[in-house]
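Quick notes on the structure that follows.
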Amino acid sequence: QVQLVESGGGLVQAGGSLRLSCKAAGSIFSIHVMSWYRQAPGMPRELVASITSDGTINYADSVKGRFTISRDNPKNTVYLQQNSLKPEDTAVYYCNADISPDGSRWWEVYGYWGQGTQVTVSS
């Protein structure tokens, strides 16, 4: 059983900062891409940032220069440092990871989602 557990959301004023964390727990053989998505009310879920196991990073244009994604491979954890937050960053943020569980065949990779953490930025 694999779970993604998120933490770090909250309420912050515009211009402030938050740091989100997401830890993958359970019977894991390897973790490939780890990503953060967000979903605002009435909007589709969108990719915010992703990082591969070898450190290749991709950001949505809307967060470039303000958000930083990083991961700690021994801890199976991905982080999202959010600086210069804007009201339009308000959303539920979801962690996603592509994981090969223990005992799986070499080609088996499954996508897992965290439960989501609310980020609210007041103006």
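The values are calculated or read from the model by the stated rules, or taken from the named source; none is laboratory data. Computed from a prediction, not measured in an experiment: that's the story for all the values here. Methodologically, a virtual Cβ is constructed for each residue, glycine included, from the backbone with ideal geometry; neighbour enumeration extends over all protein chains shown. When the accessible area is computed, the model is the full protein with side chains, heavy atoms only, and any ligands, DNA or RNA have been set aside. Shrake-Rupley method; radii C 1.70, N 1.55, O 1.52, S 1.80 Å.
Under 29 Å from the Cα of LYS86, which lysines turn up, not counting those fewer than eight places away in the same chain? In chain and number order, the partners are LYS23, LYS64.
A simple charge model with +1 on the Cβ of Lys and Arg, -1 on the Cβ of Asp and Glu and nothing else charged puts the dipole of segment 31-123 at about 180 debye relative to its Cα centre. The overall shape of the chain is prolate: from the C-alpha gyration tensor, with semi-axes ordered a ≥ b ≥ c, the ratio a/c is 1.5 or greater and a/b exceeds b/c. If you average the C-alpha positions of segment 1-33 and of segment 44-99 separately, how far apart do those two centres end up, in angstrom? Between the Cα centre of segment 1-33 and that of segment 44-99, the gap is 9 Å.
Of the accessible area of segment 1-84, computed with a 1.4 Å probe over protein heavy atoms only, carbon and sulfur atoms account for 50 percent. Seen from TYR94, the other residues with C-beta closer than 15 Å to its C-beta sum to a net charge of -1, counting Lys and Arg as +1 and Asp and Glu as -1. Taken per residue, the accessible surface of the chain reaches 53 Å², heavy atoms only and a 1.4 Å probe.
The alpha-carbon positions of segment 1-69 define a convex hull whose volume is 118 Å³ per residue. Computed from backbone phi, the HN-Hα couplings of segment 80-90 come to 9, 7, 10, 10, 6, 5, 10, x, 6, 7, 4 Hz, rounded to whole numbers (Karplus: 6.51 cos²θ - 1.76 cosθ + 1.60, θ = phi - 60°; Gly and Pro given as x).
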